[in-house]
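Asker: Attaching a single structure in structure tokens format; questions to follow.
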Amino acid sequence: MIQIGTSLARKKFEKRWFPLRYHRKQQQLFRSRTRFIGVPAGRRSGKTELAKRKLVMSLKELKPWGDPRYFYGAPTEGQAKRLAWKDLISMIPQSWIYGEPHHSELMIETKFGSTLHVVGLDKPQRIEGDAWDGCVIDESCDIKPKTFDLSVAPALADRLGWCWRIGVPKRHGVGAQEFKSFCEKADKDDDPDEACFSWPSSEIQPAEVLRWYQERMDARDYAEQFEATWQRAAGQVFFAYDPDFNDRACSFDPHKPLFVTCDFNVDPMAWVLFQETDEIVEVFDEIWARDTNTQATLDVLWNKYGEKMRSSIHFYGDATGKGRHTSASMSDYVQIATDKRFKSKGATVHFPKANPNRSDRFAATNAMFCNAAGRRRMFIDPRVEHLRIDLEMRGFKAGTNEPDDKGDVGHPTDALGYAIFMRYPIEGKPDGESRVVIRTPGNGKGGNGRNGNGKKNGNGRKRVGRRIPHARRTR
Ligand SMILES: Nc1ncnc2c1ncn2[C@@H]1O[C@H](COP(=O)(O)OP(=O)(O)OP(=O)(O)O)[C@@H](O)[C@H]1O
Ligand SMILES: [Mg+2]
């Protein structure tokens, strides 16, 4: 009886480890020793299969410590269990397993001392507090933002562990923007700790299977799911932005006024930096930081650009208060206006008393990317990564004019829109009569008289705004 059982188990095991057809990218991925790998590959293209094989093979690897730890993570525990738990048990040789798999903890111990865990990353604390040797994060577009930065990466630090972030490159999903940003960076930069592997489903799945989907899905869904291409959001908010035309190298000139437009959300804090030449806006940098505050962001700005400035600096943001769409508070603006460093350069701070209609802000921004006459007046440097991704991915909820802002979506483009709406309003729209402007004296060196207020706007109209000569008057 035992012999039959054993041989059946062996057959089952061998069947499970069926040989994969050769695929160059899959091979490269499997052999890669790079620590952090993004795999935005097509649906049914072997991402999960390869990841499971990698985890199982790792269990036998010798380490200087006696308890190597690995996990397979998915957006929720239910999903992780469904996608991997039973399958991983069937993939580990019986002779490797120590005792019985721990079904309640979703953990398998091996005789080598290593353990394999299946975890839902909806509660990242499940992996915090332990040192890990390697992990897989599946369905990455649905993973809550920050999970990798705040929970996974620190947990891998002690043992220089590795992580595969895998998933279809979806345009929807709470983690879509973060996954895209990670993959694009890993693909482009030459950080030896990062790599990206991508391939379409057609290189793995037979043509007739794909034809079935092709006939049933719209072109954009198919391209995303099976061709593994990042698609722009349907009902894109910033439809006039076209990277082919609006992306170009933009440089910083310390002799020209600097415009800093801020979304004061704490996590992430998103500030966009631009300069202007003859009413052409060039966005040359951004500050994008997690769990931070206005003071820390001002420090970053000062160290990077403020010190070098030989001209004035102008801050823009949204209305203060506790409104649903408001993240700024009066103290943010007072903090900026009273910062001695920026005061010495001659700074102004601009914000509306009440927020404009959001669609007016979107319209003003779109008009700068491309107006009805086909003229493009706003350009983004390709390095301004978070803003560019947000411009491409921010979409409306189906059938509404409500932006579908999940996770980190919306903050960089909101930041950009605050200044653009005030500086380049569309003809006929109110241009900020209820605007508050805080002026700081400066040292006489800053500014060239073409700062935020009093400057002629794109329509040749002179702006009016309520001016408060000194921050103290705003209290
Ligand atoms: N190189 C290969 N040779 C043979 N079969 C393969 C190969 N790569 C993947 N497969 C098979 O393709 C199927 C889909 O694989 P898998 O579930 O890993 O895809 P996936 O990319 O994770 O899909 P999804 O996006 O739906 O999660 C599996 O049956 C897997 O064994
Ligand atoms: Mg999968």
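All of the numbers you see were taken from the coordinates with simple rules; none came from a lab. These figures come from a predicted structure and were not determined experimentally. All Cβ positions, glycine included, derive from the backbone under ideal geometry; neighbour counts span all protein chains shown.
Asker: When the helix-only estimate is applied to the chain (DSSP H runs of n ≥ 4, each -39,500 (n - 2.57), divided by the residue count), what is the mean residue ellipticity at 222 nm, nearest 500 deg cm²/dmol?
Answerer: Numbers: 16 runs with 143 residues, N = 475.
Helix contribution divided over all residues of the chain: -8500 deg cm²/dmol.
Asker: Hey, another quick one. Taking Cα pairs under 8 Å and at least six residues apart, what relative contact order does the chain come out at, in percent?
Answerer: Details: 949 pairs, mean separation 67.9, N = 475.
Taking the mean separation of contacting Cα pairs over the length of the chain, I get 14 percent.
Asker: With contacts defined as alpha carbon pairs under 8 Å and 6 or more residues apart, what's the relative contact order of region 18-112 in percent?
Answerer: Numbers: 47 pairs, mean separation 18.9, N = 95.
Once divided by the residue count of region 18-112, the mean separation gives 20 percent.
Asker: Here's another thing I want to ask about it. Rg over Rh of region 135-214, using C-alpha atoms and the Kirkwood radius, what does it come to? Intermediate values should be presented prior to the final figure.
Answerer: Details: Rg = 14.7 Å, Rh = 14.2 Å.
Here Rg/Rh amounts to 1.04.
Asker: By count of other Cβ within 10 Å, fewest leading, how are Thr348, Thr294, Thr400 ordered? Walk me through the numbers on the way to the answer.
Answerer: On the way: Thr348 26, Thr294 22, Thr400 9.
Taking fewest neighbouring Cβ atoms as first place, the list is Thr400, Thr294, Thr348.
Asker: How about Lys256: which lysines have a C-alpha closer than 27 Å to its C-alpha, ignoring those fewer than 8 places off in the same chain?
Answerer: Lys256 reaches Lys304, Lys308, Lys340, Lys343, Lys345, Lys445, Lys455, Lys456, Lys462.
Asker: Right, something else. Only sites in a loop by DSSP and with at most 13 other Cβ atoms within 10 Å count here; which trypsin sites (Lys or Arg not before Pro) in region 224-332 make the cut? Show your work: numbers first, answer last.
Answerer: Numbers: sites: Arg232, Arg248, Arg290, Lys304, Lys308, Arg310, Lys322, Arg324; in loops: Arg232, Arg248, Arg290, Arg310, Lys322, Arg324.
Counting only loop positions with at most 13 other Cβ atoms within 10 Å, the trypsin sites (Lys or Arg not before Pro) in region 224-332 are Arg248, Arg290, Arg310, Lys322, Arg324.
Asker: Separate question: Where does helix 207-216 land angle-wise versus the long Cα axis of the chain, in degrees 0 to 90, nearest 10?
Answerer: With rounding to tens, the tilt is 40 degrees.
Asker: With Rg and the Kirkwood Rh both taken from Cα atoms, where does Rg over Rh land for region 61-163?
Answerer: On the way: Rg = 13.2 Å, Rh = 13.8 Å.
Taking Rh as the inverse mean 1/r over Cα pairs, Rg/Rh reads 0.95.
Asker: Right, something else. Be a star and scan region 217-257 for residues whose amide nitrogen sits under 14 Å from the point 7 Å along the Cα-to-Cβ vector of Arg376.
Answerer: Residues 239-250 fall inside that zone.
Asker: With no solvent and one point per C-alpha, what does the Debye sum give as log10 I(q)/I(0) for region 345-402 at q = 0.13, 0.14, 0.16 Å⁻¹?
Answerer: So the normalised log intensities work out to -0.52, -0.60, -0.77.
Asker: Quick one: Ser202, Ser151, Ser114, fewest Cβ neighbours within 10 Å first, how do they rank? Please list the in-between numbers first.
Answerer: Values: Ser202 15, Ser151 20, Ser114 23.
If I rank by nearby Cβ atoms, fewest first, I get Ser202, Ser151, Ser114.
Asker: Follow-up question, since we're still on this one. Can you tell me the 0 to 90 degree angle between the C-alpha axis of helix 176-188 and the longest principal axis of the chain, rounded to 10?
Answerer: Computed tilt is about 80 degrees.
Asker: Please work out the Kirkwood hydrodynamic radius for the chain, using every pair of different C-alpha atoms, and report it in angstroms with one decimal place. Write down the numbers at each step before the final one.
Answerer: Values: mean 1/r = 0.0403 Å⁻¹.
Taking every pair of different Cα atoms in the chain, averaging 1/r and inverting gives 24.8 Å.
Asker: Take the alpha carbon gyration tensor of region 8-225, find the square roots of its eigenvalues, order them as a ≥ b ≥ c, and report rounded if a/c is under 1.5; if not, report prolate when a/b exceeds b/c, else oblate. All intermediate terms of the calculation are to be shown ahead of the outcome.
Answerer: Values: a/c = 1.64, a/b = 1.24, b/c = 1.32.
Since a/c reaches 1.5 but b/c is at least a/b, the shape of region 8-225 is classed as oblate.
Asker: With angles folded into 0 to 90 degrees, how steeply does helix 47-58 sit against the dominant principal axis of the chain? Use alpha carbons for both and round to 10.
Answerer: 60
Asker: Let me ask another. Among the DSSP beta bridges whose two residues both lie in the chain, what percent are antiparallel, rounded to the nearest 5?
Answerer: Around 40 percent of the beta bridges assigned by DSSP in the chain are antiparallel ones.
Asker: Here is a further query. Report, in listed order, any pair from Lys25/Lys81; Lys52/Lys81; Lys86/Lys180; Lys52/Lys406; Lys60/Lys86 with a Cα-Cα distance greater than 24 Å. Let's see the in-between values first.
Answerer: On the way: Lys25/Lys81 27 Å; Lys52/Lys81 13 Å; Lys86/Lys180 30 Å; Lys52/Lys406 29 Å; Lys60/Lys86 19 Å.
Correct reply: Lys25/Lys81; Lys86/Lys180; Lys52/Lys406.
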